[in-house]
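Student: One structure, as structure tokens, below. Some questions next.
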Amino acid sequence: MTCHPRSFSDMLVDRTTSKYNQHVTTMTVGKTGSGKSNMNLAVGYAYACKVANKMGGEWQDYFNLDNIGIITREEIYRVMMIEKKYSYLMLDDIGVGWNARKWQDDFNNILNDILQTFRTDNTALAVTLPDSFLIDKVPRSMVHFFIEMDMPLFDKGMTIAKIFETVRKPRQGKTYFQYPRGETKFVRYAFPLAPKEITEPYEEKRRQISKDLKSERLEDFRVKMESMHETEEDKVPKFSKKERVVELIRDVNVGVYPSFKAAITAHNKEFPKWRISHGYASNVRAGMA
């Protein structure tokens, strides 16, 4: 007799609804267009439906648009205030929208705090990131499942991802990433696309946040440029072209610009006296890969 393998959402439900007062955290990494957001929306929907069947209520009681924090600090803090038991909470593309000095150190410190905060709740927390260079080894070792997007197959109604279960060996001081095992080892998972009743309001909310973020970024950079002009001409700016390119990379990941080329072009149009060549910007991006 062949048994149907458990889905990934089953694994999450089993943990959060068990009698052992457990929670579960996942971290998904994937570049823009890889399907990471859709995949986590689909998991959240399946998870919520199964929790509702098991614990009672409607699936919207456990996962809805209010449970999704997109990009900004304010969104993260809002979602962290949700205390509904067995909820599926999603922090989408966090970090890429933060515009502060030493933002990467700041990001990892806050991510550590987030993962620690949810340790006492019977919730499933899903964090998505555009690139692994954002993450240091501490938060990566704290999650239960680390997920890498493999390929989007939107025309076939699915996305493919690799899922790793994190195993910490304190005596060795090491963290290992192994494929989840049931009756067999699962190397890749196929996830159906999330239903429109979730994706449509999500996309609308994300578009508005990206639009607001673009306006804020341009204004912030304009202020920087004005402060440069107010100083002596030979004074070294407080930020470099490389730092600006990194900002633009994050803007592309967040959806402010449709492509890296479009981001550089927009920058040069807005600030012709501080142009950045496409070749230089491409070299900076290649060095971060």
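Student: Could you work out how far apart the two model spin labels at Arg275 and Ser240 are, taking each label as a point 7 Å from the Cα in the direction of the beta carbon, and quote it in nm?
Tutor: Calculated label separation equals 2.2 nm.
Student: Mind computing the radius of gyration and Dmax over the alpha-carbon atoms of region 145-219? Å is fine for both.
Tutor: When restricted to Cα atoms, region 145-219 yields Rg and Dmax of 18.4, 55 Å.
Student: Report ³J(HN,Hα) in whole Hz for each residue of region 19-32, in order, from the Karplus equation J = 6.51 cos²θ - 1.76 cosθ + 1.60 where θ = phi - 60°; Gly and Pro get x.
Tutor: Karplus-based 3J(HN,Hα) across region 19-32 equals 7, 9, 6, 9, 10, 8, 10, 10, 10, 10, 10, x, 6, 4 Hz.
Student: So, one more: So who's got an amide H within less than 5 Å of the one on Asp150, skipping anything under 5 residues away but keeping other chains? H placed 1.01 Å off N, in plane.
Tutor: Here Ile160, Ala161, Lys162 satisfy the definition.
Student: Where does each of 255-265, 196-206, 34-44, 82-92 land if you order them by average Cβ count within 10 Å, highest first?
Tutor: Answer by packing, highest mean first, reads 34-44, 82-92, 255-265, 196-206.
Student: Can you tell me which lysines have their Cα less than 27 Å from the Cα of Lys241? Leave out same-chain residues fewer than eight positions away.
Tutor: Reachable lysines: Lys31, Lys102, Lys211, Lys214, Lys224, Lys261, Lys269, Lys273.
Student: Apply the Karplus curve 6.51 cos²θ - 1.76 cosθ + 1.60, θ = phi - 60°, to the phi angles in region 206-215 and return the couplings in whole Hz, x for Gly and Pro.
Tutor: So the J values, rounded to whole Hz, are 5, 4, 5, 5, 5, 5, 5, 5, 4, 5.
Rule-based calculations on the coordinates, nothing more; no lab input. The structure displayed is predicted, hence computed values, not measured ones. Positions of Cβ are backbone-derived with ideal geometry, glycine not excepted, and every protein chain shown enters the neighbour counts.
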